[in-house]
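Structure record follows, encoded as structure tokens.
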Amino acid sequence: MSNPQESNEVRIVRATSAFDCGGRCPLRLHVKGNTIIRVEGDDHPDSNKQLRTCLRCRAYRKYVHHPERLMYPQKRIGEKGEGKFQRISWDEALGILAAKLKETKDKYGPASILLMTGGAYLASLHNGSLAASRLLNQFGGYTTHYGNLSSEGAVWASLVQYGSVMVGHGREDMLNSKVIILWGWDPARMISGTNTMHHLIKAKENGARVISIEPRYTDTAATVADQWIPIYPGTDTAMMAAMAYVMITENLHDQDFLDKYTVGFDLFKDYILGKEDGQAKTPEWAEAICGVPAHTITEVARVYATAKPAALMDCQGPARSAMGEQYNRFAATLSAMTGNVGKEGGSACGGLMGIPIGHMFRMSAIPPGKNPVEMTGPKIKGTLDIRDRVIKRIHINKLWEAMLEGKQGGYPADIQMAWSVCNNYLNQIGNSNKGDLALKKLPFFAVNELFLTAQARYADLLLPVTTAAERSDLTYAWPSGPYYTYVNRAIEPLGECKSDLEICDMLAERLDIENFRLGAEEEILKLMVAQNPVTSKYVTDFDKFKNDGIHRVKMDKPYIAFRKQIEDPENNPFETPSGKIEIYSQRVADMNKPQCPPIPKYMPTFEDRNDPLFEKYPLQLLTPHPRNRVHSELYKVEWLAEVEPHRLWIHPEDAEARGVVDGDKIEVFNGRGRVSITAFVTRRIKPGVVSLFEGAWYQPDKSGVDRGACANTLTKDAYSGGGAAVMNTSLVQVARA
Ligand SMILES: Nc1nc2c(c(=O)[nH]1)N[C@H]1C(S)=C(S)[C@@H](COP(=O)(O)OP(=O)(O)OC[C@H]3O[C@@H](n4cnc5c(=O)[nH]c(N)nc54)[C@H](O)[C@@H]3O)O[C@H]1N2
Ligand SMILES: Nc1nc2c(c(=O)[nH]1)N[C@H]1C(S)=C(S)[C@@H](COP(=O)(O)OP(=O)(O)OC[C@H]3O[C@@H](n4cnc5c(=O)[nH]c(N)nc54)[C@H](O)[C@@H]3O)O[C@H]1N2
Ligand SMILES: [Mo]
């Protein structure tokens, strides 16, 4: 048989990308020789069931075959961060990393090795974060980070309120809703499960009233909303409290539902009516905080409480903020007050939107084992109190400070070397300028990467990694589906690239770790499907699954979170200590932490509109996820860069006050940094708020101005009471450049 890589014939390979985005597009990759020449999408004959390909996947071949892909191992020859490297062999590269790992462990102990993992590659077998964790666990341990950048606030809120993170509905269920409130949710851009937008449009055509509550007029709102209610960032809880006030005082709430399924409503009611703190949470009170007219708040409360069923769709963006978890708890409380939990056409809120049937491979990957560093000393408790969790791990948004201050600053270790696999944290966590200092101070830094990213420039050692097109794997659709995807290897690895797993295999030999290497790729994938409790139930024909590249789970009805708990409460308690929805949480009360009240509350925060800093930096900065990238991935793909030039959204009033017109070169700055960018003057944003999509590459010039305009040059490296990174809580000022 001839080698397909040398053939002129075009083969069609069924695969997906494995980006950390909110969808998973089934792709048909047309391959000639070792090149992807064309990308086509799902060919399901029923157009209603076709999983529509996103713009990022349509540009997939431009990413895989990008001329700037790293093709061989390199070591640093210039200053740290300068980006000057020299090509070396794999043998030398692995020798350097193995020697550094051994030397650091022997001299300073395993805790001084930091493993920076990430969600960049959402697949099972070649998931580098898991492979590297498994390797270092067997090597003797390491320090790592704690906290999910995406959704820590939402996770905390869902666990408090429901004792579960599986709070989503199948997206088809939106067709059952009479009212849909998009509360900081923009699925046209961040997908939220492939085809979510398709179902939302269908719901709209079906007569649902759609309301968007957002500082920005989003693409989703522009497509389906009847009403856009602009609100100041971080103040949603004030509006939600006032909606609860309207419902209680007008007797629109569902007292029977509250009596039967919840605990603590009376205490919440006391807070809302002002019996607790002397301040009734009236619409007028809220208007002064959130900038939404009192009559609008009253109207939305009435609409939401009386339309049955209604789906309040809260998400994670507003929760990535200084009091983020309060927003998701409040949303879930409003959902209980209106009796919309566990009902068709309703929504449980909680911000996560995951359904269990769609959500499987993350759990199925080869278990990484236990970390010896975390097995000695005080235990990391599985509690809601994150003070217990940062004893041995570093909060993800504090990595730089931990590198700079070490044990003296109260962090668990003095970091001597770091190994980054599947992330670009210099770009993606708070305060990139502090990251620049930290990475310059770090004695040794190895980075597995596909591109010379903002962070990779600081590496001492660069290891080139394959894309999902160059290996076979199982990917997962987060957070909905339900379907499972099989990635058939489309091309052989380009240049000298290897997967993280192969890199770990080769390192294991040099570190004298035995039995690390797994069997043949396809055999392991087969085992993974068979052993996973979810997939093993549905995927009975592995060969068909592999051939089709997808298995769609047939369901009679869309999945509804907590359906059982509501329909048959006697036999199905919630997983909370009380067995009910906890509007008041004793577990949280016991934490005794002012930032974490036992009932959801509006609370002022740092860098809100009342912070004294507001005088100097009078604009609130939002940093949403970009449509044309997945965070910082795909940044180099020209097609996608053209889709949306990187600009700062600013309202005409704010622009005019600064003498700025559309297209002007401006600078955005605060005490943490300064970025250079072009102004996009638009009425699509609330006055007083500006917006910069995250993920543009950090490129500080000699004077310290970030020419790439990375959002995190301006954000704070802090976290909320529930552990959320605070990417949407920053004050800035804007001036003409
Ligand atoms: N300002 C602001 N910042 C944010 C957010 C925000 O809303 N605002 N959102 C946050 C959220 S939700 C998230 S999830 C994070 C994401 O943070 P990161 O995970 O750091 O973001 P990515 O840009 O996806 O970076 C992934 C990197 O891994 C590389 N990569 C891809 N596949 C592989 C692989 O198989 N192996 C290896 N070794 N590398 C690979 C890519 O080239 C890329 O450079 O960003 C957070 N940062
Ligand atoms: N195209 C694309 N899709 C993605 C990603 C990507 O990088 N690119 N990333 C994926 C990942 S890892 C994640 S975690 C998810 C993230 O998904 P989300 O967290 O939902 O996305 P964001 O863009 O951060 O925020 C959603 C919306 O919230 C609004 N918002 C921000 N702050 C506030 C506030 O205080 N109040 C209100 N009412 N609204 C506010 C923003 O304007 C934005 O439109 O998206 C996933 N999907
Ligand atoms: Mo995320």
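The values are calculated or read from the model by the stated rules, or taken from the named source; none is laboratory data. Computed from a prediction, not measured in an experiment: that's the story for all the values here. Cβ placement follows ideal geometry from the backbone for every residue including glycine, while neighbour counts extend to all protein chains displayed.
Remarks
- Among the residues of region 545-556, the one identified as free of Cβ contacts under 8 Å to residues at least 12 places away in the same chain and either in contact with a Gly (Cβ under 8 Å, 6 or more places away or on another chain) or under 23 Å from Arg52 (Cβ atoms) (or both) is Lys554.
- When residues in region 33-74 are screened for being within 28 Å of Leu461 (Cα to Cα), charged (D, E, K, R) and surrounded by fewer than 16 Cβ atoms within 10 Å (Cβ to Cβ), 1 of them pass.
- Screening Leu461 against (1) closer than 23 Å to Val31 by Cβ; (2) within 14 Å of ligand 1 (Cβ to nearest atom) leaves a single unmet condition, (1).
- The residue list Val681, Val660 contains one member that is over 22 Å from Thr218 (Cβ atoms), of a type in the set (A, V, I, L, M, F, W, C) and buried (at least 18 other Cβ atoms within 10 Å of the Cβ), which is Val660.
- For region 206-222, taking the residues that are surrounded by 22 or more Cβ atoms within 10 Å (Cβ to Cβ) and in a helix (DSSP H, G or I), the one that is nearest to the chain's Cα centre (by Cα) is identified as Thr220.
- Test: residue in region 147-164 that is buried (at least 20 other Cβ atoms within 10 Å of the Cβ), aliphatic (A, V, I, L, M) and more than 16 Å from ligand 2 (Cβ to nearest atom): yes
- Screening Asn251 on (1) in a strand (DSSP E or B); (2) over 22 Å from Asn328 (Cβ atoms) shows it passes everything except condition (1).
- Here region 430-446 is the region considered, the condition is being touching a strand residue (DSSP E or B) at 6+ places or on another chain (Cβ under 7 Å) and assigned to a loop (DSSP other than H, G, I, E, B), and the residue that is farthest from ligand 3 (Cβ to nearest atom) is Pro443.
- Among the candidates Pro443, Pro482, Pro464, Pro412, the residue that is over 22 Å from the mean Cα position of the chain (by Cα), of a type outside the set (Gly, Ala, Ser) and buried (at least 22 other Cβ atoms within 10 Å of the Cβ) is uniquely Pro464.
- Taking first residues from region 628-653 that are without any contact (Cβ under 8 Å) to a residue 40 or more places away in the chain and partners that are away from ligand 1 (no atom under 15 Å from the Cβ) and assigned to a loop (DSSP other than H, G, I, E, B), the Cβ contacts under 7 Å between residues at least 6 apart in sequence or on separate chains come to His651/Arg683; His651/Lys686; His651/Pro687; Pro652/Arg683; Glu653/Pro687.
- Qualifying positions in region 69-109 - part of a helix (DSSP H, G or I), touching a strand residue (DSSP E or B) at 6+ places or on another chain (Cβ under 8 Å) and in contact (Cβ under 8 Å) with a residue 60 or more places away in the chain: Trp90, Ala93, Ile96, Leu97, Lys100, Leu101, Thr104
- Long-range neighbours under 6 Å by Cβ, at least six apart or interchain, first residue more than 30 Å from Leu159 (Cα to Cα) and not assigned by TED's automatic domain parsing to the domain that holds Ser321 within region 697-725, second hydroxyl-bearing (Ser, Thr, Tyr) and surrounded by fewer than 22 Cβ atoms within 10 Å (Cβ to Cβ): Val705/Ser676; Arg707/Ser676
- Unique residue being over 20 Å from Met727 (Cβ atoms), more than 16 Å from ligand 3 (Cβ to nearest atom), in contact with a Cys (Cβ under 9 Å, 6 or more places away or on another chain) and touching a residue at least 60 places away in the same chain (Cβ under 8 Å) when the list is Pro412, Pro464: Pro464
- Of the residues Ser192, Ser177, Ser164, Ser158, the single one that is within 14 Å of ligand 3 (Cβ to nearest atom) and not basic (Lys, Arg) is Ser192.
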